Amino acid sequence: MRAVLMQDGKLEVGEVDEPTPGPGEVLVDVLAAGICGSDKSCATHGDGFNRASRALMGIDMLDLESPIVFGHEYVARIAAYGPETEQKLPVGTRVVSMPMLLREQPVLIGFAGAEAPGAYAERMVLTEALLIPVPDDLPTDVAALTEPMAVALHSLNRVDTDAGDVPLVLGCGPIGLAVIAILKARGIGPIVAADLSPERREFAKTMGADVVVDPVTDSPYEAWMGAAATDDPALMAPPTAVFGQLPLRPTVGFECTGAPGLLQEMIAGAPAGSRISVAGINLDADTIEPAHG
């Protein structure tokens, strides 16, 4: 079958063997695949990915000596079941899943070789227990956004967002836009968003941002505090240990760029008592100053 192979930072279409589903796995036909920013980062900074994975998991996530088949954002159709499967979903069902194979040595789908290809291939294998059927009324290309939307949802849940919060989203790429969409769906706002790109700022407005800032000309943090200002004690954030009660609603920040230095900038610029969620991937060395928090 055909697959897009990455090695030494280069992508080429080649032929690989069709994968065989093992126990508890299914063979699927890929219908749609998203291109994640981490795919580009992996191609250009593979050593950085491995440094991070060694620190987190004690292993090298990438085998940089062999071709890698990207693709961890996908929609697929069940083609066949492997052994020891329950087969609750009919063959032909469209599915998404967590991009992982639950094997003795777990495999991160989209970061392995041709023996366990990601969605940049015509076919792949998935763990049956992780399958989620796609509703009939949901278009395939929209369903392919499940994984980045899940990243954004996790980012919100990690900081316990509430309807009374005033959020700032730094970076309006796919993850930042997904964060904005979920904030809007939850009725959280006003939402302040900032990005260097005029096009992405327009996308942010479309997704529901209430205040959109060009950080070259205006301070996102001043806009954030302006949006959070309130005279109503019932709406104010809990008193801080050092500054006491501030005339601000609770503030929560989402760093969605991964740009070096921006997390520290957000820590320094955020109002006292803010919560900050980091959704952007930075593979370079970075520095934060906890005294600014």
**OP:** Can you give me the number of residues within the stretch 209-224 that are surrounded by 13 or more Cβ atoms within 10 Å (Cβ to Cβ) and of a type in the set (S, T, N, Q)?
**Re:** 1
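Residue by residue, here is whether (1) buried (at least 18 other Cβ atoms within 10 Å of the Cβ); (2) at pLDDT below 95; (3) touching a Leu at 6+ places or on another chain (Cβ under 9 Å) holds:
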| site | (1), (2), (3) |
| --- | --- |
| 4 | yes, no, yes |
| 10 | no, yes, no |
| 25 | yes, no, yes |
| 28 | yes, no, yes |
| 37 | no, yes, no |
| 41 | no, yes, yes |
**OP:** Could you list all residues from the stretch 116-130 that are under 11 Å from residue 72 (Cα atoms) and of a type in the set (Lys, Arg)?
**Re:** none
Original post:
Of the numbered conditions (1) in contact (Cβ under 8 Å) with a residue 60 or more places away in the chain; (2) closer than 30 Å to residue 48 by Cβ; (3) surrounded by 19 or more Cβ atoms within 10 Å (Cβ to Cβ), residue 276 satisfies every one except a single condition; which is it?
Top reply: (3)
Original post:
Identify, please: which residue in the stretch 163-208 is within 16 Å of residue 222 (Cα to Cα) and touching a Cys at 6+ places or on another chain (Cβ under 9 Å) and is, among those, surrounded by the fewest Cβ atoms within 10 Å (Cβ to Cβ)?
Top reply: 195
Subject >> Pair list, Cβ < 6 Å and 6+ apart or interchain, from the stretch 40-54 residues that are β-branched (Val, Ile, Thr) to residues that are loosely packed, with under 15 Cβ neighbours inside 10 Å >> reply: 44/9
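Is there a residue being crowded, with 17+ Cβ neighbours inside 10 Å and assigned to a loop (DSSP other than H, G, I, E, B) anywhere in the stretch 225-239? Lay out the reasoning, then the answer.
Going residue by residue through the stretch 225-239, those that are crowded, with 17+ Cβ neighbours inside 10 Å are 225, 227-228, 236-237.
With the extra rule that they be assigned to a loop (DSSP other than H, G, I, E, B), the set shrinks to 236-237.
Among the residues of the stretch 225-239, at least one is crowded, with 17+ Cβ neighbours inside 10 Å and assigned to a loop (DSSP other than H, G, I, E, B), which makes the answer yes.
If you check residue 214 against the conditions, is it over 23 Å from residue 163 (Cα atoms), of a type in the set (D, E, K, R) and assigned by TED's automatic domain parsing to the domain that holds residue 245? Don't jump to the end; show me each part of the working.
Numbers: over 23 Å from residue 163 (Cα atoms): yes; of a type in the set (D, E, K, R): yes; assigned by TED's automatic domain parsing to the domain that holds residue 245: yes.
So residue 214 passes the test.
Is at least one residue of the stretch 235-255 acidic (Asp, Glu) and over 21 Å from residue 160 (Cα atoms)? Spell out how you get there, then give the answer.
Just the residues of the stretch 235-255 that are acidic (Asp, Glu), to begin with: 255.
Those still in the list that are over 21 Å from residue 160 (Cα atoms) too: none.
No - not one qualifying residue is present in the stretch 235-255.
Just for the stretch 87-129: of the residues that are polar (S, T, N, Q) and part of a loop (DSSP other than H, G, I, E, B), which one is surrounded by the fewest Cβ atoms within 10 Å (Cβ to Cβ)?
Within the stretch 87-129, the subset polar (S, T, N, Q) is 87, 93, 97, 105, 127.
Then drop every residue that is not part of a loop (DSSP other than H, G, I, E, B), which leaves 87, 93, 105.
Details: 87: 11, 93: 15, 105: 6.
If we take residues in the stretch 87-129 being polar (S, T, N, Q) and part of a loop (DSSP other than H, G, I, E, B), then 105 is surrounded by the fewest Cβ atoms within 10 Å (Cβ to Cβ).
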Subject >> Residue list for the stretch 137-194, restricted to those being of a type in the set (A, V, I, L, M, F, W, C) and part of a loop (DSSP other than H, G, I, E, B) >> reply: 138, 144, 145, 159, 163, 172, 188, 191
**OP:** Kindly indicate whether any position in the stretch 249-256 is within 20 Å of residue 173 (Cα to Cα) and not in a strand (DSSP E or B).
**Re:** yes
Original post:
Quick one: in the stretch 171-222, which of the residues that are touching a residue at least 40 places away in the same chain (Cβ under 8 Å) and in contact with a Ser or Thr (Cβ under 8 Å, 6 or more places away or on another chain) is farthest from residue 252 (Cα to Cα)?
Top reply: 173
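The values are calculated or read from the model by the stated rules, or taken from the named source; none is laboratory data. This is a predicted model, so every value here is computed, not measured. When we count neighbours, we look across all protein chains shown, and the Cβ atoms used for this are built from the backbone with ideal geometry, even at glycine.
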